[in-house]
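Beneath this line is the structure, given in structure tokens, with notes to follow.
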Amino acid sequence: ILATLLGVTIGVLFSLVAHPERPEERISETLSDLGHRLANLLVSMGDTASERATRREAAEWLTQARTLSIEVREVGQESDDLARGRRFAVGAERSHGRALIDQFALIESTCAHVNDIARGIFDATSRGSVVLPEGFGDLLASTGTALSIHADAMPRSLDDRDPDTGMLRALEVVEEDRSRSVATIKELDDTGALLLGGALVTEVDRMVDRLSGSGR
């Protein structure tokens, strides 16, 4: 019994040294990392497809997006287990729990939109390489930049701090790129490009709505 108790004590102390942060902090940091990876994927798609995206590149983006979806689901299960175990009862703990739920919801929805974008570009390459309509590469890249800025602030947001992250300026850039992109597709005669452009604008709008809400 004494040996068992000693082993448990050593295990607890080692856990505190190896992982001193709270469980919700670890989950928030994981979500932040996923946010950065989703942002990088958006930037990569925007930078490449504005020039020319091949079927192979589109397939790689779709695979990355699907992999991220699996990781997001795993984090969701972990956060659900944490919520059931602790219930985020009162005070600061309750506030942290609510912030963590909001963070996961944003990353989960963003991941779904990035998947749809990757799928749309992949489908568009079924007959060969594809070039996004003018301005759409910048739109995806600026949306990725805004998401990256938000991801930087996610671990800090558990403590209800509201740091100046530059989010509002980043979203203004997205809006400017959106306006140029919409003006472009209005002049297109290519039905395929028109449909792809419209779908991308829809997905970006949904992501920006989430990011705008988190900013407020």
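Below is a table of values for the structure above.
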{"read-out": "Probe 1.4 Å, accessible area per residue of region 99-216, Å²", "value": "50 Å²"}
{"read-out": "Of 204, 170, 185, farthest towards positive along the dipole that unit charges on Lys, Arg, Asp, Glu beta carbons give region 165-216", "value": "170"}
{"read-out": "Two-site FRET efficiency, residue 119 against residue 33, from Cβ-Cβ distance with R₀ of 25 Å, rounded to 0.05", "value": "0.60"}
{"read-out": "In nm, spacing of pseudo-spin labels at residue 195 and residue 25 (7 Å Cα→C-beta vector)", "value": "5.0 nm"}
{"read-out": "Nitroxide proxy distance, nm - points 7 Å out along Cα→Cβ at residue 3 and residue 67", "value": "4.4 nm"}
{"read-out": "Cβ-based net charge around residue 202, under 14 Å, with every Lys or Arg adding one and every Asp or Glu removing one", "value": "0"}
{"read-out": "Debye, to nearest 20: dipole size of region 122-202, +1 on Lys, Arg Cβ, -1 on Asp, Glu Cβ", "value": "180 debye"}
{"read-out": "Loop-located GluC sites (Glu not before Pro) in region 32-81, at most 12 other Cβ atoms within 10 Å (DSSP)", "value": "51"}
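The values are calculated or read from the model by the stated rules, or taken from the named source; none is laboratory data. Everything quoted here is computed from the prediction, not taken from an experiment. All Cβ positions, glycine included, derive from the backbone under ideal geometry; neighbour counts span all protein chains shown. Accessible surface areas use protein heavy atoms only, side chains included; no ligands, DNA or RNA. Shrake-Rupley method; radii C 1.70, N 1.55, O 1.52, S 1.80 Å.
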